[in-house]
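Let me begin by presenting the structure, written as C-alpha cells, before commenting on it.
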Amino acid sequence: MAEAKKLDALVVGAGFSGMYMLIKLREIGLSAQVLEAGSGVGGTWYWNRYPGARCDISSVEYSYSFDPELEQEWTWKERYSAQPDILAYLEHVADRYGLMDGITFNIRVIAARWDKDTGRWTVETDTGETFDSQYLILATGALSEPKLPDLPGLENFSGPILNTARWDDSVELTGKRVCHFGIGSSGIQTVAEIGKSVGELTVFSRTPSFAVPCSNPPLTAEESAAAKANYPAMRDLQRHSALSFATLPKEGSAKECEPAEREKRLEAAWTQSTFSLLLEFDDILFDDESNALVTEFAQCKLAQTITDPEKARKLIPQDVQLGGRRLCAEIGFYDAINRDNVTVVDVREEPVVNVTKDTVVTDKGSYPADVIIFATGFDACVGAIKAIDITGKEGRSIRVEWANGPRAYLGLAVEGFPNLFTITGPGSPSVLSNVVVSIEQHVEWISNCLADMRARGAAVIEAEAQAEQAWMEHVDEVAQQTIFPKANSWYMGNTRDGKRVFMPYVGGVGAYRAKCDEVAAAGYEGFVLGDAA
Ligand code: FAD
Ligand code: N01
C-alpha cells in the first residue's frame, strides 16, 4: 500500500466552502489539499444541473465578498443566476486563484480516524489513497447528500430515473410522460421548466411549500454598475444582519398594522423578491398571530393563482406557517401546474402502492410514466458528514454520537473529535442564511484559529463538552422563540429516541459572528488547546 500523503490540512469538498478554505490555508502557509467526489469544482452548482436550477437570493448578494477585485471584474447577467452561470463563476474563481492544482477530483473520503499519539487524522478514500493530516476540514455541504424515496416496486421501472441533484441531461423529456416527486425549491424549479415541453406530467406532492412569484429580468449595465459601487456597504449589512441579507426586516408588527395598510404592504412585497414577504414586518417569524395573517395572505394569493380548485387544494399549504419551511421562489411553476396535461397527486391522501415497468400505481389510480424524477431533498446538515466513517478520541464514532441528535460547538467543532472543523455544521446559521456569507465567516474564523494556534505553539484544538452542550441549548432556546421548530421541515434532525432537534442557529448571523469573535478573543473559550499526544 502506498504511503499516506502528509499534509497540514485536508479539506473535503470543493464547493464555495472548500475553495475559499484552500485560499485561506495557503495564505497562512499551511500545506493543504482538497478532495472532491465530483469531477469539477462548484459543489451544489456542479451537481444540481436540473432544468431551471438557479439561486433565489440575488447573485450580487450570493457571491464571494473576500476580494473587491473579484467583485468588480465579475458581472452577473441576471438577478437570480442560473446554475451554469454560478458554476462558471466558481470555475473562474478556481482559475483566478490557482486552486486547481490543490484539488483532487473523482475521489470520495470514506473514513477518517484520529490518532491521539500523533495528533493527526488518517483519512481513507474510495480510490485507496490515504492521507495523514494534522487538521481535517469538512466542507462537505449542508445540502449535498440526496435523499431518495423507497417506493415499492421501483426496481421494476424500465425507464430512466432522474434525481435533481444528480441530473443526467442526456435523458430526453420532450413529449414524454413524466412522474415527478417532490415540490420543494428543486421540484418547483424543475416542474416550471419541464412543464413547458413534456407530454404528460404527474406531480406527486407530500408536503407542499409556499412559493412566491419571482421576476428575473436581466441586469442592465446601469444596475450592474450601481451594484458594484455599492458592494462595500451591502457586504457590511449582510455580515451584521439577522439573516445575512442586505435587506433588513422592516420594524413593526403585522398584527398591529391597520388591515388595509397591511394588505397594501403585503401586496407590494409579494412580487418583490423571494423573502420580501417575510421581511415586511419584523415579527412574522416570531409571533403566531402575525404569522397567521401573512400565511393567510399567501394562501389567498395562491388560491387566485392556481386555476383548478382540486390542484389548489393539494398544493396550497394548510398546516404550516409561512417561513417555517424554506420559502420557495417560482418563475412559471404555477403556470405549469395550471396546464391541462399536468395532474397533481397528494401522496398523503393517495399513497404510492407500486411501481411497475411503466406506471406509478397509487391506492386510487395509475399514472403512466416514461421517466421518473425525484426532487425529494437532502439528508440536510448532517448527511454528508455521517456518510464518512469518522472515529475520534477513544474510538468514538460521529455517526453513533449524532444518532442522538447532532451537536457541535458553534457549528464549527465537535467535542471528542480534535482538529476537526465543520463548515456550516449543525448549530451554525448556515442554511438559514445567505449561505455564502456564513461560509466566508466560518472559513475566516477557522483559518485565523489555525494561524493563532501556530503562533501559540499549540498543535491540537478540541471543543469542550460543556461549551458544546451550552451552545446547543442556546441554539434550541433561540429557535423556540421563533416559528421554525413548529414546522415539519428538513431544518429538524431526528434523534434515536424519536425527538426532533432544530439544527441551524437562528439567533442572527451578526450575533453569531460576534460570538465567534468573542470566543477567539478570549483565547478560544470553550476549546482546549494543547500539544500533540
Ligand atoms: P456544497 O456546495 O454542497 O459542496 C460540498 C462538496 O463536498 C460537494 O461537491 C460534494 O461532492 C463534496 N463532498 C461531500 N462529501 C464528500 C466526500 N466524502 N468526499 C469527497 N467529496 C465530498 N444557498 C443560498 O444561500 N442561496 C441560494 O440561492 C441557494 N440555492 C441553492 C440551490 C440548490 C439547488 C441547492 C441544492 C442549494 C442551494 N443553496 C443556496 C445552498 C447551497 O448548498 C450553498 O449556498 C452552498 O453552495 C454550499 O456550499 P458548500 O461548499 O458548503 O457545499
Ligand atoms: O428539497 P426539499 P429540495 N413523495 O426537502 C417531498 C435549497 N435549494 O431539494 O417534506 C412525494 O425542500 C418532501 O416532502 P416532505 C433550499 O435551501 C434552493 O427541493 O418530506 N414527495 C418535500 O416536499 C431548499 O430548501 C434552491 O413531506 C416526497 C420535497 O420532496 C433545499 O435546497 C433550489 C417524497 C423535497 O423538498 C432543499 O430543497 C433548490 C415522496 N415519497 C434547493 N419524499 C433555490 O432556488 C419526499 N418528498 C435557491
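Summary table
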{"read-out": "Cβ-Cβ under 9 Å pairs, at least 6 apart or on other chains, region 32-44 side within 8 Å of ligand 1 (Cβ to nearest atom), far side basic (K, R)", "value": "L35/R108; E36/R108; A37/R108"}
{"read-out": "Qualifying residues in region 441-457 (those that are open to solvent by 10 Å² or more (accessible area, probe 1.4 Å) and not polar (S, T, N, Q)) - the one farthest from ligand 1 (Cβ to nearest atom)", "value": "G457"}
{"read-out": "Matching residues in region 176-198 - criterion: being within 16 Å of ligand 1 (Cβ to nearest atom), in contact with a helix residue (DSSP H, G or I) (Cβ under 9 Å, 6 or more places away or on another chain) and either among the polar types (S, T, N, Q) or not in a strand (DSSP E or B) (or both)", "value": "G182, I183, S186, G187, I188, Q189, T190, V191, A192, E193, I194"}
{"read-out": "Region 477-511: number of residues that are assigned to a helix (DSSP H, G or I) and out of contact with any helix residue (DSSP H, G or I) (no Cβ under 8 Å at 6 or more places or on another chain)", "value": "5"}
{"read-out": "Count of region 53-96 residues which are without any contact (Cβ under 8 Å) to a residue 60 or more places away in the chain and closer than 19 Å to V212 by Cα", "value": "4"}
{"read-out": "Sole residue being among the hydrophobic types (A, V, I, L, M, F, W, C) and either in a helix (DSSP H, G or I) or more than 15 Å from ligand 2 (Cβ to nearest atom) (or both), chosen from L173, L201", "value": "L173"}
{"read-out": "Criterion: touching a strand residue (DSSP E or B) at 6+ places or on another chain (Cβ under 8 Å), modelled with pLDDT of 95 or more and not assigned by TED's automatic domain parsing to the domain that holds Q238 - qualifying residue of W114, W76", "value": "W114"}
{"read-out": "Of all residues making up region 119-152, the number that are away from ligand 1 (no atom under 16 Å from the Cβ) and open to solvent by 10 Å² or more (accessible area, probe 1.4 Å)", "value": "7"}
{"read-out": "Test: residue in region 53-62 that is open to solvent by 40 Å² or more (accessible area, probe 1.4 Å) and either on the phi < 0 side of the Ramachandran plot or in contact with a Gly (Cβ under 8 Å, 6 or more places away or on another chain) (or both)", "value": "yes"}
{"read-out": "Failed condition for Y62, given (1) of a type outside the set (K, R); (2) within 16 Å of ligand 2 (Cβ to nearest atom); (3) more than 17 Å from the chain's Cα centre (by Cα)", "value": "(3)"}
{"read-out": "Residues that are open to solvent by 30 Å² or more (accessible area, probe 1.4 Å), within 15 Å of ligand 2 (Cβ to nearest atom) and out of contact with any Asp or Glu (no Cβ under 7 Å at 6 or more places or on another chain), drawn from region 352-376", "value": "N354, V361, Y367, T376"}
{"read-out": "Residue in region 94-113 that is surrounded by the fewest Cβ atoms within 10 Å (Cβ to Cβ), counting only those that are touching a helix residue (DSSP H, G or I) at 6+ places or on another chain (Cβ under 6 Å) and of a type in the set (A, V, I, L, M, F, W, C)", "value": "M100"}
{"read-out": "Only listed residue being surrounded by fewer than 19 Cβ atoms within 10 Å (Cβ to Cβ), part of a loop (DSSP other than H, G, I, E, B) and within 16 Å of ligand 2 (Cβ to nearest atom), chosen from D319, D282", "value": "D319"}
{"read-out": "The lone exception for K499 - which of (1) open to solvent by less than 90 Å² (accessible area, probe 1.4 Å); (2) on the phi < 0 side of the Ramachandran plot it fails", "value": "(1)"}
{"read-out": "Residues of region 29-43 classified as hydroxyl-bearing (S, T, Y) and crowded, with 22+ Cβ neighbours inside 10 Å, total", "value": "0"}
{"read-out": "Selection count, region 397-430, where residues are within 15 Å of ligand 1 (Cβ to nearest atom) and surrounded by fewer than 21 Cβ atoms within 10 Å (Cβ to Cβ)", "value": "1"}
{"read-out": "Criterion: among the β-branched types (V, I, T) and more than 24 Å from the chain's Cα centre (by Cα) - qualifying residue of I23, I28", "value": "I28"}
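Rundown of residues vs (1) buried (at least 18 other Cβ atoms within 10 Å of the Cβ); (2) out of contact with any Asp or Glu (no Cβ under 9 Å at 6 or more places or on another chain), yes/no style:
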residue	(1), (2)
S209	yes, yes
P217	no, no
Q238	yes, no
S244	yes, no
N291	yes, no
A298	yes, yes
A303	no, yes
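The values are calculated or read from the model by the stated rules, or taken from the named source; none is laboratory data. Bear in mind the structure is a predicted one, so any value in this text is a computation, not a measurement. Positions of Cβ are backbone-derived with ideal geometry, glycine not excepted, and every protein chain shown enters the neighbour counts. We work out accessible area using only protein heavy atoms, side chains counted, and drop any ligands, DNA or RNA first. Shrake-Rupley method; radii C 1.70, N 1.55, O 1.52, S 1.80 Å.
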